[in-house]
Amino acid sequence: MKNLEVVVSPALLPFYHVKNKTVVVIDILRATSSMCVAFKIGVEKILTLASAEECKLFKEFDFIIAAEKDAIKVAGFDLGNSPFEFENPLFAGKNIALATTNGTKAIKYANENGASAIVIGSFLNIDVLCNWLIEQNNDIILLCAGWKNKFNIEDTLFAGAVVNKIESNFNVDCDSALAAKLLYVSNKNNLENLVRASSHAKRFQLQSFQTDDVKYCLQMNSAPVLPILEDNYFKKII
Ligand code: MLT
């Protein structure tokens, strides 16, 4: 049976064997949730970049440029990183360049460490993702973007939901996968309250967000798409 592992922070990735494995990048609040929304409404491609400065360069190539730093939209960009911003039918057929605090950096790390496939995971595409992972029959790493290399609740909670759904098809010899699953199973009927208690949800409150991004990012299967990295761009394969 193939292996299933959970990495709770990109800082721990060097301690795992990544080469030739399928990596699911997880950034529930909000990068991977927003990416799923973008593909749901018909965005063509998403280029993820590690910095807002790099991202801005793509404006001249007719990309929609989106960037946030510490949850706040970067001045001069078309979008920040709220899923509400991405849910715009006018973006259908367009390309987006995206840079976020943690999520797009985690993608870069996974790519630099030799993953054979990099896909996007969120509660919005959880069933499409899990069915695809089972079909691939490859070793899997669920990579949590966390917060500046620290653990965060929401990403590991989602990783636990995935472990809980697919573990019968894999060899799970990984304490972080077991811990993630236990975190999910013990809170699966209380997800919103738990995520609202997270440090990042509190950052949203401190910034007086006008949109309820936490509630949006917990809408199970509301964006049943599967974004995968192909030739440096994310595209939708389902
Ligand atoms: C991240 O990169 O951690 C998130 O995307 C930040 C956010 O959107 O608030």
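Annotations for the structure displayed:
- Residues of segment 132-156 classified as assigned to a helix (DSSP H, G or I), of a type in the set (A, V, I, L, M, F, W, C) and either crowded, with 24+ Cβ neighbours inside 10 Å or modelled with pLDDT under 95 (or both), total: 1
- Ser186 vs. criteria surrounded by fewer than 19 Cβ atoms within 10 Å (Cβ to Cβ) and either touching a Cys at 6+ places or on another chain (Cβ under 7 Å) or on the phi > 0 side of the Ramachandran plot (or both): no
- Of the residues screened, Leu191 is not one that is over 19 Å from the mean Cα position of the chain (by Cα) and away from the ligand (no atom under 16 Å from the Cβ).
- Residues of segment 9-28 satisfying the condition of being more than 13 Å from Gly121 (Cβ to Cβ) and either part of a helix (DSSP H, G or I) or within 13 Å of the chain's Cα centre (by Cα) (or both): Ser9, Pro10, Ala11, Leu12, Leu13, Pro14, Phe15
- Selection count, segment 194-238, where residues are away from the ligand (no atom under 14 Å from the Cβ), within 24 Å of Lys165 (Cβ to Cβ) and of a type in the set (S, T, N, Q): 3
- Number of the exception - Leu98 against (1) of a type outside the set (S, T, N, Q); (2) more than 16 Å from the ligand (Cβ to nearest atom); (3) not in a loop (DSSP other than H, G, I, E, B): (2)
- Filter pass, Ile107 being of a type in the set (A, V, I, L, M), more than 11 Å from the ligand (Cβ to nearest atom), open to solvent by less than 20 Å² (accessible area, probe 1.4 Å) and touching a residue at least 60 places away in the same chain (Cβ under 8 Å): no
- Residues of segment 53-89 that are surrounded by fewer than 20 Cβ atoms within 10 Å (Cβ to Cβ), of a type in the set (Phe, Trp, Tyr) and either at pLDDT below 95 or over 16 Å from Thr104 (Cα atoms) (or both): Phe61, Phe84.
The values are calculated or read from the model by the stated rules, or taken from the named source; none is laboratory data. As the structure is a prediction and not an experimental result, all values here were calculated from the model. Reconstructed Cβ throughout: ideal geometry from the backbone, glycine too, with neighbour counts over all protein chains shown. Please note that ligands, DNA and RNA were not included when accessible areas were found on the heavy atoms of the full protein model with its side chains. Shrake-Rupley method; radii C 1.70, N 1.55, O 1.52, S 1.80 Å.
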